[in-house]
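**Q** Attaching a single structure in structure tokens format; questions to follow.
The values are calculated or read from the model by the stated rules, or taken from the named source; none is laboratory data. These numbers were taken from a predicted model, which means no experiment stands behind them. Cβ atoms come from the backbone with ideal geometry, glycine included; neighbour counts cover every protein chain shown. Calculation scope for accessible area: heavy atoms of the full protein, side chains included, ligands and nucleic acids excluded. Shrake-Rupley method; radii C 1.70, N 1.55, O 1.52, S 1.80 Å.
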Amino acid sequence: MGRKFLFHPLAVRYSVFMLGLAVMGYGIAMMIEANVGVAPWDTLHIGLQKTFGLTIGMWSQIMGFSIIIASYVIGKIKPTVGMFLNMIFFGLFIDLFMWLKWVPIGDTLLERVVLFAAGLLIYTFGTGMYISPRIGAGPRDSFMLALHERMGWGIGKVRVGIECTVTLLGFLLGGPVSAGTLVTALAIGPLIKQFIPLWEKMMAKPYGKASEMTLID
């Protein structure tokens, strides 16, 4: 009975989803420790931490919850199980890995650049894991869709507009903005596009295509 539950398609999907969030959290923690630039949302989270206290992960959770509410108000996008799991555990994993000091620290610029690059790869690899089970989009992706549907703007324009806005807000609050921020903004999309098909293929082998599975969200 226990073995059947462990390898039930739904249990496997949620396990891969949660593992993906953990991998993403570790990748973000590496990029933060590298101190050569982070993703736009993390620039905002760090800026909020420097200005108001709390941890980076807590601010990720607070902003995630705020965005869930905004997505419902703007685009009537109803919260899903996956959305709340993303909001809670992504921030939790970032704080956990930084608290445990499991992230290597680079002393020289070259070491920090290597750490940043490795963190970016790990983050996007984890994003492919988290998306492939089709449990549900994260709060920030849902907000992007809400603005797209409400305003009628293209997804690309909405994404760029959001990321520019949060980067500016983060910068004004003291968050880090440097070459790594630009690299992250340009590289995340193409890298994720490489990893999603990989994980979808792995998920499809024993459990069928994700699109054919019944979602409970």
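**Q** Enumerate the pairs (first residue in the range 139-158 and over 27 Å from residue 91 (Cα atoms); second residue anywhere and outside any helix (DSSP H, G or I) and open to solvent by less than 70 Å² (accessible area, probe 1.4 Å)) with beta-carbon separation below 7 Å, excluding pairs fewer than 6 apart on the same chain, so at least 6 apart or on different chains.
**A** Final answer for the pair search is none.
**Q** For the range 124-136, check the following and say yes or no: at least one residue is assigned to a helix (DSSP H, G or I), open to solvent by 40 Å² or more (accessible area, probe 1.4 Å) and at pLDDT 90 or above.
**A** Among the residues of the range 124-136, at least one is assigned to a helix (DSSP H, G or I), open to solvent by 40 Å² or more (accessible area, probe 1.4 Å) and at pLDDT 90 or above, which makes the answer yes.
**Q** Any residue that is over 27 Å from residue 198 (Cβ atoms), assigned to a helix (DSSP H, G or I) and under 18 Å from the mean Cα position of the chain (by Cα) - is there at least one of those in the range 35-43?
**A** The answer is yes; a qualifying residue exists.
**Q** Looking for whichever is at pLDDT below 80, surrounded by fewer than 21 Cβ atoms within 10 Å (Cβ to Cβ), within 15 Å of the chain's Cα centre (by Cα) and not small (Gly, Ala, Ser) here; the options are 205, 193, 157. Which one fits?
**A** Of the residues listed, the single one that is at pLDDT below 80, surrounded by fewer than 21 Cβ atoms within 10 Å (Cβ to Cβ), within 15 Å of the chain's Cα centre (by Cα) and not small (Gly, Ala, Ser) is 193.
**Q** In the list 44, 110, 48, 100, which residue meets the criterion of being more than 21 Å from residue 135 (Cβ to Cβ) and open to solvent by 70 Å² or more (accessible area, probe 1.4 Å)?
**A** Step by step, each of 44, 110, 48, 100 is checked, and only 110 is more than 21 Å from residue 135 (Cβ to Cβ) and open to solvent by 70 Å² or more (accessible area, probe 1.4 Å).
**Q** Quick check on residue 163: is it of a type outside the set (Val, Ile, Thr), modelled with pLDDT under 80 and within 20 Å of residue 68 (Cα to Cα)?
**A** no
**Q** State whether the residues of the range 142-151 include one that is closer than 28 Å to residue 52 by Cα, open to solvent by 30 Å² or more (accessible area, probe 1.4 Å) and at pLDDT below 85.
**A** yes
**Q** Restrict the check to the range 68-81 and report whether at least one residue is at pLDDT 85 or above and closer than 19 Å to residue 181 by Cβ.
**A** no
**Q** From 62, 94, which residue is closer than 18 Å to residue 47 by Cα, β-branched (Val, Ile, Thr) and open to solvent by 30 Å² or more (accessible area, probe 1.4 Å)?
**A** Matching residue, one of 62, 94: 62.
**Q** Going through the range 80-106 one residue at a time, which ones are over 14 Å from residue 27 (Cα atoms), part of a loop (DSSP other than H, G, I, E, B) and either β-branched (Val, Ile, Thr) or free of Cβ contacts under 8 Å to residues at least 24 places away in the same chain (or both)?
**A** Within the range 80-106, just 80 meets the criteria.
**Q** Continuing with this model, one more query. Going by the structure shown, is residue 186 open to solvent by 50 Å² or more (accessible area, probe 1.4 Å), in contact (Cβ under 8 Å) with a residue 60 or more places away in the chain and either assigned to a helix (DSSP H, G or I) or within 26 Å of residue 70 (Cβ to Cβ) (or both)?
**A** The answer is no for residue 186.
**Q** Take residue 12 and decide whether it is within 20 Å of residue 125 (Cα to Cα) and either touching a residue at least 40 places away in the same chain (Cβ under 8 Å) or open to solvent by 50 Å² or more (accessible area, probe 1.4 Å) (or both).
**A** Considered against the rule, which asks whether it is within 20 Å of residue 125 (Cα to Cα) and either touching a residue at least 40 places away in the same chain (Cβ under 8 Å) or open to solvent by 50 Å² or more (accessible area, probe 1.4 Å) (or both), residue 12 comes out as yes.
**Q** In the range 15-37, how many residues are open to solvent by 50 Å² or more (accessible area, probe 1.4 Å) and either free of Cβ contacts under 8 Å to residues at least 24 places away in the same chain or within 23 Å of residue 113 (Cα to Cα) (or both)?
**A** Selection size over the range 15-37: 4.
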